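Here's the structure, in structure tokens; my notes come after.
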Amino acid sequence: MKIYGLIGYPLTHSFSKNYFNEKFEKDGLIQCKYENFPLKSVDELPGLIHNNKEICGLNVTIPYKEKVIPFLDFLDDNAKNIGAVNTIKIKRNKQKPVLTGFNTDAYGFQESLKPLLNRNINNALILGTGGASKAVAYILGKLNIRYFFVTRNPRSNNHIAYGDLNCKIINDFKLIINTSPVGMFPDSGNFPDIPYDCISEKHILFDLIYNPPETVFLKKGKEKGAKTINGLPMLHLQAEKAWEIWNL
């Protein structure tokens, strides 16, 4: 049996287990199984791998995309440049398992964003500063889209406080991406604190959350005529890229 899985905490929001197990069943991969591994601390990772010798690969979600890096033996170039990992490939030899970190979030985000872009999208606001935000920033940089992080506690020149957002800023930044967990199940009634009255039909609102399918963030944007997209296409794309990496 080959076991793949997801680490993070909590994992009540995740669709990955169903996605991969349905894929395995559809493709006749009866020797493969996908499990959720809710780790209360990332320090539990070595024990998880030691005690489950059939684990061949892992996905990584909140809050461990950055914290997992010290536990890895190698990083691919993208993961190294981004500074966050959401996919781990595990090779086992007689001495110890060898863990290599990858970032497939970047690929998933880029491919799901591309169809929405137009020549007016030159600036972006990234809501949140966690591991997922780093993959988003990496791709925006590749696409020559200027970006600022929006956070409660600005710590650098490319950070903006939520309280400093106004209509002028919102009008200048036509792409707004929520990379934070605000609005994710089970706290589906929450939403990022931005001036939604300033949103127009020229805006694109991208929420990396996919559960619920339409967050309050997206609903408020849609009410103002903005194009909206949730994180489900990104999830599918990054999952297929992870599967490709595990089978290299």
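The values are calculated or read from the model by the stated rules, or taken from the named source; none is laboratory data. Fair warning: this is a prediction, and the values are worked out from it, not measured in the lab. Counting neighbours? That spans all protein chains shown, and the Cβs are built from the backbone with ideal geometry, glycine included.
Can you tell which of Leu237, Leu208 is in contact with a Gly (Cβ under 8 Å, 6 or more places away or on another chain) and crowded, with 20+ Cβ neighbours inside 10 Å?
On the way: Leu237 fails: crowded, with 20+ Cβ neighbours inside 10 Å.
Just a single option satisfies the conditions, and that option is Leu208.
Filter region 85-127 for residues that are farther than 27 Å from Ile204 by Cβ and over 21 Å from the mean Cα position of the chain (by Cα) and give the result. Across region 85-127, the qualifying residues are Lys91, Arg92, Asn93, Lys94, Gln95, Lys96, Pro97, Val98. Looking across region 68-109, just one residue is over 22 Å from Met234 (Cα atoms), in contact with a helix residue (DSSP H, G or I) (Cβ under 7 Å, 6 or more places away or on another chain) and not in a strand (DSSP E or B), and that is Phe71. Are any residues in region 101-118 touching a residue at least 12 places away in the same chain (Cβ under 8 Å) and surrounded by fewer than 18 Cβ atoms within 10 Å (Cβ to Cβ), and if so, which ones? Hits for region 101-118 are Glu111, Leu116, Leu117. Looking across region 25-65, the residues that are in a loop (DSSP other than H, G, I, E, B) and of a type in the set (A, V, I, L, M, F, W, C) come down to Leu29, Ile30, Leu39, Ile62. One residue stands out among those in region 1-12 that are under 22 Å from Thr104 (Cα atoms) and surrounded by fewer than 19 Cβ atoms within 10 Å (Cβ to Cβ): the one that is modelled with the lowest pLDDT, which is Thr12. Mind checking whether some residue in region 191-202 is under 17 Å from Val216 (Cα atoms), of a type in the set (S, T, N, Q), surrounded by fewer than 15 Cβ atoms within 10 Å (Cβ to Cβ) and touching a Lys or Arg at 6+ places or on another chain (Cβ under 7 Å)? Yes: region 191-202 contains one or more residues that are under 17 Å from Val216 (Cα atoms), of a type in the set (S, T, N, Q), surrounded by fewer than 15 Cβ atoms within 10 Å (Cβ to Cβ) and touching a Lys or Arg at 6+ places or on another chain (Cβ under 7 Å). Residue count for region 132-158 satisfying the condition of being of a type outside the set (A, V, I, L, M), surrounded by 16 or more Cβ atoms within 10 Å (Cβ to Cβ) and out of contact with any Gly (no Cβ under 8 Å at 6 or more places or on another chain): 4. The conditions of being closer than 19 Å to Ala106 by Cβ and touching a strand residue (DSSP E or B) at 6+ places or on another chain (Cβ under 6 Å) are not met by Leu232.
Can you name every residue in region 151-170 that is of a type in the set (Val, Ile, Thr) and either closer than 17 Å to Val182 by Cβ or not in a helix (DSSP H, G or I) (or both)? Don't jump to the end; show me each part of the working.
Taking region 151-170 and keeping what is of a type in the set (Val, Ile, Thr), we get 151, 160, 169-170.
Of everything in region 151-170, those that are of a type in the set (Val, Ile, Thr) and either closer than 17 Å to Val182 by Cβ or not in a helix (DSSP H, G or I) (or both) turn out to be Thr151, Ile160.
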